[in-house]
Amino acid sequence: MAVKSEPTRILILGGGYVGLYTALGLQKKLRANEASVTVVDPQPHMTYQPFLPEAAAGSIEPRHVVVPLRRALRRCHVLTARVTGVEHESKTVTVEAPDGHTEHLGYDVLVVALGSVARLLPIPGLAEEGIAFKTIGEAIYIRNHVLTKLDEAASTLDPELRKRLLTFTVVGGGFAGIEALAELEDMTRDATRYYDTIEPDDIRWVLVEAAGRILPEVRETLGVWTAEQLESRGIEVYLSTAAKSFENGHVVLSDGTEFDTDTIIWTAGVKSNPVVAESDLPTDKRGRLQATASLQVAGHPDVWTAGDVAAVPDLSRTEEDPSATCPPNAQHAVRQAQHMAGNIVKVIRGGRPSDYYHKNLGSVASLGLHKGVADAMKLKIKGFPAWLFHRAYHVKAMPTVNRKVRILLDWMLGGLFRRETVSLGQINNPKEEFDRASKS
């Protein structure tokens with residue numbers, strides 16, 4: 001009588017786009033007892049990052065832009081922990097649990113989907129004064145922080161402090177920075193209707209971009225049009241300008257401009273999760289895993305990767321540029337994950353993996369309520385149609401029917417009753433009142 005082999009142990013590092021969609025594909029395709037799937041992530045949810053600006057601006061309930069991993073992945077094991085090391089030679093991954101203890105996890109098949117982290121530059125004051133815009137926690141914090149500054153400005157008698165409180169700075173002119181800037185500026189302008197002492201012109205939004213243009217993901221004419229639209233709303237746009245210092249909230253730019261602010265939002269680039277550079281897997285000069293077109297790590301057929309952490313050859317562009325790799329966006333991450341899940345199942349069953357090929361469909365961005373820009377399917381779309389296109393595309397791409405419906409309901413209610421612009425500033429320091437009471 002033959003002894004039944006143990007199920008293949010599949011370990012997925014990361015629960016973002018790639019981790020979630022790979023796990024969803026595997027739990028759908030794998031037969032019972034064919035393999036066990038474990039997903040490791042420090043957060044118990046996947047965040048759909050394209051909706052973070054709308055969540056920060058109050059157009060979407062923040063809980064609705066995250067997908068609970070345990071609810072979506074019923075046939076997988078979800079471990080809430082942070083990956084601290086990968087040693088493929090011994091097929092061991094080291095993780096740190098929330099209580100501080102470490103564990104060593106073994107695997108037969110490894111999927112590295114650790115994504116990216118904010119890329120900080122050695123600018124004085126950045127670490128102390130800045131905040132990134134990559135997580136739902138950061139989006140909630142920034143929303144409450146910005147609205148709290150309006151409350152403080154409305155009550156202060158100091159004109160210089162008022163000016164500082166009403167000055168908001170965004171560094172980085174890519175999609176993340178432009179959408180965050182545009183949505184938050186739109187929210188603050190709308191919020192001034194509830195303040196007797198603050199006019200829209202009192203609020204100062206500043207964009208700083210080291211390159212000579214914004215939105216490099218779209219054609220240059222659309223980038224120029226977007227910059228003009230932002231400036232027409234009173235937003236100050238500094239191009240070809242680097243930040244030199246942020247110490248104590250005093251901003252110094254490379255062109256000599258100086259001003260004070262209490263809000264510095266840093267969206268000036270990302271880098272591959274540093275865990276992969278410290279592993280024994282091959283990486284390129286940008287710290288990304290070297291991947292094949294079949295989404296396997298070069299030289300390691302039992303290790304798979306995709307998304308921001310991987311340098312995946314872009315077969316749609318390799319004829320014109322043999323070194324071309326897929327851009328780090330949600331469009332490729334989702335499709336790579338779905339393709340990778342199919343490839344893993346093929347290999348487990350003795351088949352051969354197929355190459356990933358996808359021609360970029362374009363890019364869309366929201367510029368606030370009823371405003372947007374899109375460069376998609378060889379079309380240039382501006383204004384309200386682009387905004388509709390943005391919403392339609394991303395609600396379609398949002399994982400699970402549950403989240404799609406909740407987001408649609410948020411938009412419907414927002415259209416009927418206007419968005420909420422109330423500050424929940426206490427959420428940033430929930431023990432303040434308790435501590436004050438304990439001292440009285």
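The values are calculated or read from the model by the stated rules, or taken from the named source; none is laboratory data. Because the structure is predicted, anything quoted here is derived from the model rather than measured. Here the Cβ is made from the backbone with ideal geometry for all residues, glycine too, and neighbour counts use every protein chain on show.
Do we have any residue at all in region 305-317 that's surrounded by fewer than 22 Cβ atoms within 10 Å (Cβ to Cβ), more than 25 Å from residue 128 (Cβ to Cβ) and either free of Cβ contacts under 8 Å to residues at least 12 places away in the same chain or among the polar types (S, T, N, Q) (or both)? Scanning region 305-317 turns up at least one residue that is surrounded by fewer than 22 Cβ atoms within 10 Å (Cβ to Cβ), more than 25 Å from residue 128 (Cβ to Cβ) and either free of Cβ contacts under 8 Å to residues at least 12 places away in the same chain or among the polar types (S, T, N, Q) (or both). Are any of the residues in region 231-249 farther than 18 Å from residue 266 by Cα and either of a type in the set (Ser, Thr, Tyr) or not in a loop (DSSP other than H, G, I, E, B) (or both)? Within region 231-249, one or more residues are farther than 18 Å from residue 266 by Cα and either of a type in the set (Ser, Thr, Tyr) or not in a loop (DSSP other than H, G, I, E, B) (or both).
The single condition among (1) modelled with pLDDT of 95 or more; (2) surrounded by fewer than 22 Cβ atoms within 10 Å (Cβ to Cβ); (3) of a type outside the set (S, T, N, Q); (4) closer than 26 Å to residue 370 by Cβ that residue 183 does not satisfy is (2). Residues in region 291-308 that are at pLDDT 95 or above and of a type outside the set (Gly, Ala, Ser): 292, 295, 296, 297, 300, 301, 302, 303, 304, 305. Residues of region 379-433 that are touching a strand residue (DSSP E or B) at 6+ places or on another chain (Cβ under 8 Å) and among the small types (Gly, Ala, Ser): 383, 386. One residue is enough: does region 172-193 have a residue meeting the conditions of a type in the set (Asp, Glu) and free of Cβ contacts under 8 Å to residues at least 24 places away in the same chain? No; the residues of region 172-193 include none that is of a type in the set (Asp, Glu) and free of Cβ contacts under 8 Å to residues at least 24 places away in the same chain.
Taken over region 50-86, the criterion of being under 16 Å from residue 17 (Cα atoms), touching a helix residue (DSSP H, G or I) at 6+ places or on another chain (Cβ under 9 Å) and charged (D, E, K, R) is satisfied by 71 alone.
If the condition is being hydroxyl-bearing (Ser, Thr, Tyr) and either closer than 20 Å to residue 139 by Cα or assigned by TED's automatic domain parsing to the domain that holds residue 193 (or both), then region 394-440 contributes 400, 421, 423.
Quick one: which of 8, 47, 22 is touching a strand residue (DSSP E or B) at 6+ places or on another chain (Cβ under 8 Å), of a type in the set (Val, Ile, Thr) and more than 15 Å from residue 344 (Cα to Cα)? Going through 8, 47, 22 in turn, the sole match is 47. Of the strands (runs of 3 or more DSSP E) that lie entirely inside region 87-167, those containing 1 or more residues that are modelled with pLDDT of 95 or more and assigned by TED's automatic domain parsing to the domain that holds residue 283 span 92-96, 102-106, 109-112.
The set of residues from region 365-382 being loosely packed, with under 15 Cβ neighbours inside 10 Å and modelled with pLDDT of 90 or more comprises just one member, 370.
Remark: pairs (first residue in region 91-119, under 30 Å from residue 171 (Cβ atoms); second residue among the charged types (D, E, K, R) and not in a strand (DSSP E or B); Cβ separation under 7 Å; 6+ apart in sequence or on different chains) = 115/308; 116/308; 118/134. Filtered by the rule that a residue be under 29 Å from residue 391 (Cα atoms) and either small (Gly, Ala, Ser) or in contact with a His (Cβ under 7 Å, 6 or more places away or on another chain) (or both), region 402-440 gives 403, 406, 407, 410, 414, 415, 423, 425.
Within region 266-301, the set of residues being in a strand (DSSP E or B) and either buried (at least 16 other Cβ atoms within 10 Å of the Cβ) or in contact with a Cys (Cβ under 7 Å, 6 or more places away or on another chain) (or both) comprises 266, 270, 271, 272, 283, 289, 290, 291, 296, 297, 300. The residues of region 14-52 that are part of a loop (DSSP other than H, G, I, E, B) and touching a residue at least 24 places away in the same chain (Cβ under 8 Å), listed by number, are 14, 15, 16, 30, 33, 34, 42, 43, 44, 48.
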